[in-house]
Amino acid sequence: MAHKTFISYKYSEARALRDKIISAMGDDAVYYNGESGFSPNKSEDSDNVIWNYLKDMIWPTTVTIVILSPQMTGSSWISDEISYSLRKVSRDGKTSRRNGIVAVIQKVNGSYDWLTKHSVNCHGTATVNYRNELLFPIITKNHFNSEPPIVHCDECKTYDSDKGSYISYIQEDTFLANVNGFVEKAYAKSQNDGVGYKIEIDV
């Protein structure tokens, strides 16, 4: 089932990945409701005008795709776009639902190590952690946030990579191979209004 989607990203470093994601959507790209190469130039507009423009794009969508890139915290809008996506907003007698959100880790110089840290848990199994200081708090607070925690065992406390987070992190190559599948998973998490997750909005 196709879902209306919005992509939140830092234009100067993630535009090419945005275009790859839209292309990988195939026929479902018609449901993409965000900026593209043909979007109007808003650089001369006030912040208020730009924000209203962004909210108009996000409000009718049900899934937000966030591109995690090295300098993303230099963006003026990504954190606000995610916060708005997580809210239930009333307009003209209609109320939007909380969006499902999935985060895509951009590959840089053939690697994801700009963000990922590799370690081993108490069972000797390889695990992945993240350099949270490179991400907005609204992203990190909604990752590994299942409530109660969905972990593989009580001893190692290793979170389930999918169900353990409202905002799952997916590597670029993996995501592009199954964009619509990951969009569907994000949408499914939103359908019970985020129940089972400690959702943070005002971070």
Theoretical gain in end-to-end length, Ala29 to Val195 [0.36 nm per residue, Cα-Cα removed]: 56.9 nm
Of Val49, Gly194, Ser119, whose Cα points farthest to the positive end of the dipole of the chain (charges on the beta-carbon: +1 Lys, Arg; -1 Asp, Glu; origin at the Cα centre)? Gly194
Fully extended, how many nm does the chain gain between Leu134 and Cys122 (0.36 nm per residue separation, minus their Cα-Cα distance)? 1.7 nm
For region 108-203: span of alpha carbons on each principal axis (Å, largest first): 34, 34, 27
Whether region 154-203 is rounded, prolate or oblate, judged on the alpha carbon gyration tensor where a/c under 1.5 counts as rounded: oblate
Using only the alpha carbons of region 5-99, what is the convex hull's orientation-averaged projected area in square nanometres? 6.4
Residue by residue through region 85-102, which ³J(HN,Hα) values in whole Hz follow from phi under the Karplus form 6.51 cos²θ - 1.76 cosθ + 1.60 (θ = phi - 60°), with glycine and proline marked x? 4, 7, 8, 9, 10, 8, 9, 6, x, 10, 10, 6, 8, 4, 6, x, 9, 10
Got a sec to turn the phi values of region 190-197 into Karplus ³J(HN,Hα) couplings, 6.51 cos²θ - 1.76 cosθ + 1.60 with θ = phi - 60°, whole Hz, x for Gly and Pro? 7, 6, 9, 6, x, 4, x, 9
222 nm [θ] for the chain, helices only, -39500 (n - 2.57) per DSSP H run of 4+, per residue, to 500? -8000 deg cm²/dmol
Taking a 29 Å limit on the Cα-Cα distance, which of the listed pairs Lys10/Lys185; Lys20/Lys117; Lys107/Lys185; Lys10/Lys157 fall beyond it? Lys10/Lys157
How do 142-151, 163-172 rank on mean C-beta neighbours within 10 Å, highest first? 163-172, 142-151
Let me check I have the definition right: for region 5-190, take the eigenvalues of the Cα gyration tensor, multiply each by 5, take square roots. What are those semi-axes in whole Å, largest first? 28, 19, 16
Compute, for the chain, the length of the dipole vector about the Cα centre, with Cβ point charges of +1 (Lys, Arg) and -1 (Asp, Glu) only. Units Debye, rounded to 20. 240
Which one, Ser165, Val30, Met72, projects farthest toward the positive side of the charge dipole computed for region 5-190 from Cβ point charges (K/R +1, D/E -1)? Ser165
Would you mind telling me which residue in Ala177, Ala186, Ala14 has the biggest mean-square fluctuation in a Gaussian network model of the chain, where springs connect alpha carbons within a distance under 10 angstrom? Ala177
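Just so you know, all these numbers are worked out from the coordinates, no wet-lab data involved. Treat the numbers as computed from the prediction; the structure is a model and nothing was measured. Virtual Cβ from ideal backbone geometry, glycine too; neighbours counted across all protein chains shown.
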